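The values are calculated or read from the model by the stated rules, or taken from the named source; none is laboratory data. All values reported here derive from a predicted model rather than from experimental measurement. Every residue, glycine as well, gets a Cβ built from its backbone with ideal geometry; the counts of neighbours run over all protein chains shown. Ligands, DNA and RNA are stripped out before the accessible areas are found, and what is left, the full protein with its side chains, is counted by its heavy atoms. Shrake-Rupley method; radii C 1.70, N 1.55, O 1.52, S 1.80 Å.
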Amino acid sequence: MNTQIEISVKINGKQYSAAAEPRLLLSDFLRHELGLTGTHVGCEHGVCGACTVLLNGEAVRSCLMFAVQADGQDLLTVEGLAAANGDLHPLQAAFREAHALQCGFCTPGFLMSLLPFLQDKPDASEEEIRAALSGNLCRCTGYQNIVKAVKMLLEESNSDPA
Amino acid sequence: MKHIDAAGHTRGESQYVDDMPQPVGMLHAAVFTSPVAHGRIISLNLEEAVRCDGVITVLSAKDIPGENQIGALIPDELLLAEHEVHFVGEPVALVLAKSYEQAHRAVAKIQVEIDELPVVTDPRQAFESGAIIGPARTFALGDVDTAWQECAVVVDGQCEIGGQEHLYLETQRCRAIPLEDGVLRLYSSTQSPYAVQKAAARVLGVAHHKIEVDVKRLGGGFGGKEDQATAWSCLTALAAHCTGKAVELVLPRHQDMICTGKRHPYSADFRIGLNQAGKILAYDVKHYQNAGAAADLSPAVLERTLFHSTNAYFIPNVRIFGASCRTNLPPNTAFRGFGGPQGMFVIESAIAKAAEKMNKPREQIQRLNLLRDGDTFPYGQHLDDVRAERTWDEAAQSFDLNKIKQATKTYNDDHFESKKGYAVMPICFGISFTATFLNQAGALVHVYTDGSVSVSTGGIEMGQGLVTNIARIAARAFGISEKRIKVESTNTTRVANMSPSAASATTDLNGHATILAAGQITDRLKSFAANELGLTDKSRLTIVHEKLLDGNRETGWDWQKLVQTAYLNRIDLSAHGFYATPGVWFDKQKEKGNPFAYHVYGAAVFEVTLDCLRGTYEIDSAKIVHDLGRPINKLVDIGQVEGGLAQGLGWMTLEELSFDEQGRFLSNSLASYKVPDAYFMPDDLQVKFLQNVDNPAGPYGAKAVGEPPLMYGIGVFFAIRAAMRAFRPDSDLTFDAPMTPERVLLGLHEQEREVLVTKI
């Protein structure tokens, strides 16, 4: 039961090496072993999406993965979203502008679910945005402003000549 | 101004209780709870659990040094069960271990032998056996019994209203840190730091000042952490007290859902009488509240049910009866609306049934009976500045209710297996704690010599935007930039005896207290400056955009200079402000009074499309006209309206609490309890605010916004019902909520019910 397995994971561009019990969840590993507490755990069984992180660019629920499964992989958590100089990522800025957050507990999961979606679908319709969001639960906002934030961001980037 | 925590939230830097760095040697707690809903404890065997890896100790009731009691209103709730258990999930023992996993593994090794007793889950059954909590209450106006004779139509009916799980995304949690001299600091996810402080002191047998409660923010509360955070915080405090170590308790989601109380299910009987024109002459209602196994806040919740039993309508002859019925469910508790929604659901059901019998449009009866200036509520409060008709009419006009009616009819004429329905839902919600003494708040404000400002209040930030509002209010009160304001964590050593952040009144109460504290400091600053500048009339001095003005004339002093010079001249730059809502009172003997500082009004229009073969439905639109007074921050308030609506819609449609006869909660995870997602929300959601309205009772003219919008959600039930009746005009539909697709299907195909039930 107490076997520890050495794992090595790249997170937000930085290499981490640590020992993990085989059944330690990735979410607990991030939060408790590495102190990356921006990843929140809401339902603990893969429904609410609060713990979403990117594994090699794909959104995954870190509460449904063991830490050892991330060995040798590349992770991005919410802490890695903002630029090195501290500037908010445009998605983060859009959430702030549109008041797409209230208690903030679900926010990191929404951002991480949206990141690959927006890369895949830069011209997403509202229907597609809602579908992309439907795997994340927010109990505060009623989702309107989250949808608004995404639409705002898409409009901005589509009108941006660069 | 954006949400003050927006950057922190989006960076993942905002800290919740268990995000703070862990103290060295911190222990983790896990709770063992009763597996049965009612029984006598024969034996509790902790030995195997104590021997588990990493376990430090296992605590039970005998380890409590003070009083084993956490009931706030009525002392009927033990922290840890002693001889009997009264609901599934009642805490019995607490394991402390070096890790979270070890603590939970050990919990599984605890054995309890329980002699099971009969289980009651039905409030009417509890009522009949005399198991009520506190006295039954009756509000009355006019003479109901004789009024029936004047009525052209009298209709009876019954409602079964489901409860609701709060589903705050952050489960209940607390971290306790032992400090010197027997002091404990509790970082608790609570809406009521003082409730935690009082209860923990009682359990440990120490003075209140030995317990410090600190709350930075909550990952959602919605009422679920008003009283129900107390048990978990007290357990954590007990653990830290007994071990001398820092201890953290985080409820797993599954356990949180099983153990904690929810919105109260209600069962109700109504009788309503109207004249031929549709004017309601009499209304008689009996509410049987399913309080669960302990009082918690149930009597207060019941009281608000009585207050809001006539919603936004004036009815001259009314009798409203209510009883909190003790059952073997977890103690039900506060949830946004606090009993008001259930009271409103029943009157809306009564009106719907009367309209169906009279063959009149439901909204015709609703509109005809709306409150007006000069009317009186059944609880004696006289009304002025009523905005019921105004919000209704603005909604009907700006959203073109006639066109909606016509379009619905046309659609329904053209479609057989798909039907549309619409409904209007007016709301009237009283603002103030109905327990008058709770309508008080304190704020502690410091101005530092660099001109920055620190504000502490008794209010809790739980996502509703309190901190953003307080920062704006403080900046306005001083006449300085919002950037200078920092709102501190809520801490019992800075603000004492605070009321819970509840009743929609947190910004009102704490905002007023902040204005009063800032006013004392600016008053001192102005006296000082007037003296320095050789002015005789300090009342001519104002601070506008950080500049000190004498009338309209610049004095050459800015905020920075004012503060620095005042400091050097030994002027006190700190103040404590205290606010008590004026004019509110209630006489429980007479059941009359003036309990509310003011009321919030609004009206919503809903359209739905029903798939009559499948029972599924889409909410096509939700359009709202809402009264905010002069909003402090529209962005924050619109978020509250939309979020409240989402919860109200969920309560009325998807969110079904399912208990078995043995009192076990079946829909105990997010896999079996559905809440609205982004897809579920109405395709067309519009919120308009009433323009050019004031509210002298609110800070800078604002009205409270937290709870009222939830009750718009009731309208969707009646929109779905209308669509069902378009398919089956002759059917006798029940008033049972939530209106899940299953319930819709069974309602639509009553004749085929037996076939359906066996096939589902």
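Out of all the residues in segment A:115-145, which are in contact (Cβ under 8 Å) with a residue 60 or more places away in the chain and outside any helix (DSSP H, G or I)?
A:Gly135, A:Asn136, A:Leu137
From the residues in segment B:304-317 that are out of contact with any helix residue (DSSP H, G or I) (no Cβ under 6 Å at 6 or more places or on another chain) and open to solvent by 10 Å² or more (accessible area, probe 1.4 Å), which one is nearest to B:Pro265 (Cα to Cα)?
B:Phe314
Looking only at residues in segment B:263-289 that are basic (Lys, Arg) and part of a strand (DSSP E or B), which one is least open to solvent (accessible area, probe 1.4 Å)? Steps first, answer last, please.
The initial filter retains those residues of segment B:263-289 that are basic (Lys, Arg), namely B:263, B:271, B:279, B:286.
This time we only want the ones that are part of a strand (DSSP E or B), so: B:263, B:271, B:286.
Values: B:Arg263: 4, B:Arg271: 93, B:Lys286: 81 Å².
Selected residue: B:Arg263.
Quick check on my filter: what residues within segment A:65-79 are open to solvent by 30 Å² or more (accessible area, probe 1.4 Å) and not acidic (Asp, Glu)?
Going through segment A:65-79, the residues open to solvent by 30 Å² or more (accessible area, probe 1.4 Å) turn out to be A:66, A:68-69, A:71-74, A:76, A:79.
If the condition is that a residue be open to solvent by 30 Å² or more (accessible area, probe 1.4 Å) and not acidic (Asp, Glu), then A:Phe66, A:Val68, A:Gln69, A:Gly72, A:Gln73, A:Leu76 are the ones that fit.
Look at segment B:664-676 and say how many of its residues are at the interface with chain A (Cβ under 7 Å from one of its Cβ atoms) and either touching a strand residue (DSSP E or B) at 6+ places or on another chain (Cβ under 8 Å) or open to solvent by 40 Å² or more (accessible area, probe 1.4 Å) (or both). Steps first, answer last, please.
Here is the first cut: in segment B:664-676, the residues at the interface with chain A (Cβ under 7 Å from one of its Cβ atoms) are B:669-671, B:675.
If we keep only those that are either touching a strand residue (DSSP E or B) at 6+ places or on another chain (Cβ under 8 Å) or open to solvent by 40 Å² or more (accessible area, probe 1.4 Å) (or both) as well, we get B:671.
So the count comes out to 1.
Looking at the structure I just gave you, is B:Asp684 open to solvent by 40 Å² or more (accessible area, probe 1.4 Å), at pLDDT 95 or above, farther than 15 Å from B:Arg263 by Cβ and away from chain A (no Cβ under 12 Å)?
Numbers: open to solvent by 40 Å² or more (accessible area, probe 1.4 Å): yes; at pLDDT 95 or above: yes; farther than 15 Å from B:Arg263 by Cβ: yes; away from chain A (no Cβ under 12 Å): no.
No: the conditions fail for B:Asp684.
Return the residues of segment B:419-440 that are under 22 Å from B:Trp585 (Cα atoms), open to solvent by less than 10 Å² (accessible area, probe 1.4 Å) and touching a helix residue (DSSP H, G or I) at 6+ places or on another chain (Cβ under 8 Å); say none if nothing qualifies.
Kept after step one, since they are under 22 Å from B:Trp585 (Cα atoms), are these residues of segment B:419-440: B:428-440.
Next, from what is left, pick out any that are open to solvent by less than 10 Å² (accessible area, probe 1.4 Å): B:428-432, B:439.
Within segment B:419-440, B:Cys428, B:Phe429, B:Gly430, B:Ile431, B:Asn439 qualify.
Looking at B:Gly663, B:Gly650, B:Gly701, can you tell me which residue is small (Gly, Ala, Ser) and in contact with a Gly (Cβ under 7 Å, 6 or more places away or on another chain)?
When all the criteria are applied, what remains is B:Gly701.
Return the pair list, or none, for Cβ contacts closer than 9 Å from residues in segment B:145-172 that are surrounded by fewer than 17 Cβ atoms within 10 Å (Cβ to Cβ) to residues that are among the aromatic types (Phe, Trp, Tyr), at least 6 apart or on different chains.
From residues that are surrounded by fewer than 17 Cβ atoms within 10 Å (Cβ to Cβ), the pairs are B:Asp156/B:Phe270; B:Gln158/B:Phe270; B:Gln158/B:Phe735; B:Glu160/B:Tyr266; B:Glu160/B:Phe735.
If I filter segment B:561-572 for residues that are assigned by TED's automatic domain parsing to the domain that holds B:Gly511, within 43 Å of the chain's Cα centre (by Cα) and assigned to a strand (DSSP E or B), do I get at least one hit?
no
How many residues, within segment B:649-663, are of a type in the set (Gly, Ala, Ser) and either open to solvent by 40 Å² or more (accessible area, probe 1.4 Å) or more than 10 Å from chain A (Cβ to nearest Cβ) (or both)? Outline the logic, then answer.
Going residue by residue through segment B:649-663, those that are of a type in the set (Gly, Ala, Ser) are B:650, B:658, B:663.
Of the ones still in play, those that are also either open to solvent by 40 Å² or more (accessible area, probe 1.4 Å) or more than 10 Å from chain A (Cβ to nearest Cβ) (or both) are B:658, B:663.
Result for segment B:649-663: 2.
Among the candidates B:Phe606, B:Phe586, single out the residue that is over 30 Å from B:Gly421 (Cα atoms), more than 14 Å from every other protein chain (Cβ to nearest Cβ) and not in a helix (DSSP H, G or I). Talk me through it step by step, then tell me what you get.
Numbers: B:Phe606 fails: over 30 Å from B:Gly421 (Cα atoms).
Going through B:Phe606, B:Phe586 in turn, the sole match is B:Phe586.
Yes/no per residue for (1) open to solvent by less than 30 Å² (accessible area, probe 1.4 Å); (2) more than 10 Å from every other protein chain (Cβ to nearest Cβ); (3) modelled with pLDDT of 95 or more:
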position: B:Gly8; (1), (2), (3): yes, no, yes
position: B:Gln15; (1), (2), (3): no, no, yes
position: B:Asp18; (1), (2), (3): yes, no, yes
position: B:Ser43; (1), (2), (3): no, yes, yes
position: B:Ala49; (1), (2), (3): yes, yes, yes
position: B:Thr57; (1), (2), (3): no, yes, yes
position: B:Pro75; (1), (2), (3): no, yes, yes
position: B:Leu78; (1), (2), (3): no, yes, yes
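Run B:Phe32 past the list (1) buried (at least 21 other Cβ atoms within 10 Å of the Cβ); (2) within 14 Å of chain A (Cβ to nearest Cβ); (3) of a type in the set (Phe, Trp, Tyr) and report the number of the one that doesn't hold.
Status for B:Phe32: all satisfied but (2).
Could you list, in sequence order, all residues of segment B:191-217 that are more than 18 Å from B:Ala441 (Cβ to Cβ) and within 14 Å of chain A (Cβ to nearest Cβ)?
Those that are more than 18 Å from B:Ala441 (Cβ to Cβ) and within 14 Å of chain A (Cβ to nearest Cβ): B:Lys216, B:Arg217.
Which of (1) more than 9 Å from chain B (Cβ to nearest Cβ); (2) more than 18 Å from the chain's Cα centre (by Cα); (3) open to solvent by less than 20 Å² (accessible area, probe 1.4 Å) does A:Ala149 not meet, given it meets every other one?
(2)
Looking for whichever is charged (D, E, K, R) and either facing chain B (nearest Cβ under 8 Å) or open to solvent by less than 20 Å² (accessible area, probe 1.4 Å) (or both) here; the options are A:Glu58, A:Glu33, A:Glu44. Which one fits? Write out each step before concluding.
Numbers: A:Glu58 fails: either facing chain B (nearest Cβ under 8 Å) or open to solvent by less than 20 Å² (accessible area, probe 1.4 Å) (or both); A:Glu33 fails: either facing chain B (nearest Cβ under 8 Å) or open to solvent by less than 20 Å² (accessible area, probe 1.4 Å) (or both).
Every option except A:Glu44 fails the conditions.
Restricting the search to segment B:523-556, which residues are assigned to a helix (DSSP H, G or I) and small (Gly, Ala, Ser)?
We begin by selecting, within segment B:523-556, every residue assigned to a helix (DSSP H, G or I); these are B:523-533, B:538-540.
Listed by number, the residues that qualify are B:Ser527, B:Ala529, B:Ala530, B:Ser539.
If a residue has to be within 14 Å of chain A (Cβ to nearest Cβ) and either in contact with a strand residue (DSSP E or B) (Cβ under 6 Å, 6 or more places away or on another chain) or more than 29 Å from B:Leu329 (Cβ to Cβ) (or both) to count, how many in segment B:158-186 make the cut?
Residues of segment B:158-186 that are within 14 Å of chain A (Cβ to nearest Cβ), as a first pass: B:164-173, B:175.
From what's left, either in contact with a strand residue (DSSP E or B) (Cβ under 6 Å, 6 or more places away or on another chain) or more than 29 Å from B:Leu329 (Cβ to Cβ) (or both): B:164, B:173, B:175.
Result for segment B:158-186: 3.
Filter segment A:94-134 down to the residues that are crowded, with 18+ Cβ neighbours inside 10 Å, under 15 Å from the mean Cα position of the chain (by Cα) and facing chain B (nearest Cβ under 8 Å) and list them by number.
Within segment A:94-134, A:Phe95, A:Leu101, A:Gly104, A:Phe105, A:Cys106, A:Thr107, A:Pro108, A:Leu111, A:Leu133 qualify.
Inspect segment B:466-487 for any residue being open to solvent by 20 Å² or more (accessible area, probe 1.4 Å), without any contact (Cβ under 8 Å) to a residue 24 or more places away in the chain and not hydrophobic (A, V, I, L, M, F, W, C) and give the result as yes or no.
Looking for residues that are open to solvent by 20 Å² or more (accessible area, probe 1.4 Å), without any contact (Cβ under 8 Å) to a residue 24 or more places away in the chain and not hydrophobic (A, V, I, L, M, F, W, C), one finds at least one in segment B:466-487, hence yes.
Every residue in segment B:92-110 that is of a type outside the set (Phe, Trp, Tyr) and either open to solvent by 10 Å² or more (accessible area, probe 1.4 Å) or modelled with pLDDT under 95 (or both), please. Steps first, please.
Taking segment B:92-110 and keeping what is of a type outside the set (Phe, Trp, Tyr), we get B:92-99, B:101-110.
Those that are of a type outside the set (Phe, Trp, Tyr) and either open to solvent by 10 Å² or more (accessible area, probe 1.4 Å) or modelled with pLDDT under 95 (or both): B:Lys98, B:Ser99, B:Glu101, B:Gln102, B:His104, B:Arg105, B:Val107, B:Ala108, B:Lys109, B:Ile110.
Are any residues in segment B:602-644 of a type in the set (Lys, Arg) and more than 27 Å from B:Leu746 (Cα to Cα), and if so, which ones?
Start the filter on segment B:602-644 by keeping residues that are of a type in the set (Lys, Arg), which leaves B:614, B:623, B:630, B:634.
Across segment B:602-644, the qualifying residues are B:Lys623, B:Arg630, B:Lys634.
Quick check: anything in segment B:689-697 within 10 Å of chain A (Cβ to nearest Cβ) and open to solvent by 10 Å² or more (accessible area, probe 1.4 Å)? It would help to see each step written out before you state the result.
As a first pass, look at segment B:689-697 and keep what is within 10 Å of chain A (Cβ to nearest Cβ): none.
There is no residue in segment B:689-697 that is within 10 Å of chain A (Cβ to nearest Cβ) and open to solvent by 10 Å² or more (accessible area, probe 1.4 Å).
Based on this model, can you work out whether B:Asp122 counts as more than 19 Å from B:Arg326 (Cα to Cα), out of contact with any His (no Cβ under 9 Å at 6 or more places or on another chain) and open to solvent by 60 Å² or more (accessible area, probe 1.4 Å)?
Numbers: more than 19 Å from B:Arg326 (Cα to Cα): no; out of contact with any His (no Cβ under 9 Å at 6 or more places or on another chain): yes; open to solvent by 60 Å² or more (accessible area, probe 1.4 Å): yes.
Here the answer is no, as B:Asp122 does not meet what is asked.
From B:Ala354, B:Ala388, which residue is within 30 Å of B:Met462 (Cα to Cα) and in contact with a Leu (Cβ under 7 Å, 6 or more places away or on another chain)? Full working, then the answer.
Working: B:Ala354 fails: within 30 Å of B:Met462 (Cα to Cα).
When all the criteria are applied, what remains is B:Ala388.
For segment B:594-635, enumerate the residues that are farther than 30 Å from B:Arg721 by Cβ and among the small types (Gly, Ala, Ser). Steps first, answer last, please.
Looking only at segment B:594-635, we keep the residues that are farther than 30 Å from B:Arg721 by Cβ, and these are B:594-598, B:629-635.
Result: B:Ala597, B:Gly629.
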